[in-house]
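Here is the structure we will look at, set down as structure tokens.
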Amino acid sequence: MQARILDGKAIAAEVRAEWAQHAAEVHKQRGRAPSLAVVLVGEDPASKSYVRGKRKAAAEMGILSRDVDLPADTPEAALRDEVDKLNADPAIDAILVQLPLPAHVNADALLERIQPAKDADGFHPVNLGRMLLGQDCLLPCTPAGVMEILGRSQIKTQGTEVVIVGRSRTVGRPLANMLSAKSESANATVTLCHSATIDLAKHCRQADILIAAAGQARIITADMIKPGATVIDVGIHRIGTTPKGRPKLCGDVDFDTAKEVASAITPVPGGVGPMTIAMLMRNTVLAARK
Ligand code: NDP
């Protein structure tokens, strides 16, 4: 069997086109485009490249982005002041603080300082709590992107066994919540695996939908996949450089063997990654609407 490739890039383009229209409506109604402040602390090359992608996506969608680039040794108090200023600035609808932050900064405290209504990443405890309660909120981008890939690819989750490998606060845990929600677009039975799971392969083989978010390169091999399952690969790993000098990437799934067993699979790159950015832009427009 050769799996259907779930083209996250194409799906993200579709989502971005739709939300560019919503951005234009907001712009027309209030005379000002939705705006996103992107705070980058330090010179981490991967973070710089993610931030570049986010700023470019914003520009393409008619969303204003404000660059707040600060040196790695910026004191924590100065970062708090920066967030406070952006919270109070009526010209800013949404704020994103790029992670990871330098070791001297308490990331949780800084993210909690962002006003929930401007929380572009959907990481604020208020938004996570509202999500848990099924209330209107800004959703975390990567899990929301996975839901969007499944929905737009007509992959039913209702009644299925979903196994998620990884229980992080940003990916696995919120995704488990979204997929197990009482709703026709969710209604899955979810197993959340982690580093203390005994016999990971056994759990994975039971999955109709297997989601890999462990941050371990190619940890999911073909023998761990039930024939005909859908495989969503959230992981991103740099494993070298392409002949053109670009970073060579792989995911948490051994794609070449997995695609022979799965019925549908997301590639890396071009799977979940582009969706994360598209959902960030959606959150920015939603924040602007409020
Ligand atoms: P974290 O490191 O925060 O979490 C990893 C999770 O996987 C933890 O719950 C950990 O368990 C679990 N885990 C680690 N090793 C194993 C193992 N051998 N068996 C079972 N479980 C294991 O990672 P993130 O959630 O932030 O990210 C996961 C991956 O997704 C990374 O590769 C990251 O780069 C990528 N990512 C991609 C995004 C995108 O846009 N495509 C966005 C965000 C992340 P425990 O809790 O016990 O430690």
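The values are calculated or read from the model by the stated rules, or taken from the named source; none is laboratory data. As the structure is a prediction and not an experimental result, all values here were calculated from the model. Using ideal geometry, Cβ is built from the backbone for each residue, glycine included, and neighbour counts are taken over all protein chains shown. Just so you know, the surface numbers come from the protein's heavy atoms only, side chains and all, with ligands and any DNA or RNA stripped out. Shrake-Rupley method; radii C 1.70, N 1.55, O 1.52, S 1.80 Å.
Points worth noting:
- Segment 33-120, accessible surface, carbon-and-sulfur percent (1.4 angstrom probe): 55
- For segment 33-120, the relative contact order is 39 percent, taking Cα pairs closer than 8 Å that sit 6 or more residues apart in sequence and dividing their mean separation by the residue count.
- With the highest mean first, a sort of the peptides 130-143, 223-236 on other beta-carbon atoms found within 10 angstrom per residue produces 223-236, 130-143.
- Over all other residues within a Cβ to Cβ distance under 12 Å of ALA91, the charged ones net out to +3, with Lys and Arg as +1 and Asp and Glu as -1.
- Prolate/oblate/rounded label for segment 1-58 (Cα gyration tensor, a/c 1.5): oblate
- Candidate lysines for bridging to LYS85, where Cα separation is under 23 Å - those fewer than 8 sequence places away on the same chain excluded: LYS48, LYS54, LYS118, LYS290
- Segment 197-235 and segment 3-57 have Cα centres lying 29 Å from one another.
- Carbon plus sulfur fraction of accessible area for segment 140-273, probe 1.4 Å, in percent: 50
- Per residue solvent-accessible surface (Å²) - the chain, probe of 1.4 Å: 47
- Per-peptide average of other Cβ atoms within 10 Å, ordering 237-246, 251-260 highest first: 251-260, 237-246
- When each of the peptides 104-112, 28-36, 213-221 is scored by the mean number of other C-beta atoms lying within 10 Å of its residues, the order from highest to lowest reads 213-221, 28-36, 104-112.
- Options TYR50, SER65, LEU175, ranked by Cα towards positive dipole end of the chain, top entry (Cβ charges): SER65
- Taking a ≥ b ≥ c as the square roots of the eigenvalues of the alpha-carbon gyration tensor, segment 33-120 is classed oblate because a/c is 1.5 or more while a/b is no larger than b/c.
- Considering only beta bridges that DSSP places wholly inside the chain, some 10 percent are antiparallel.
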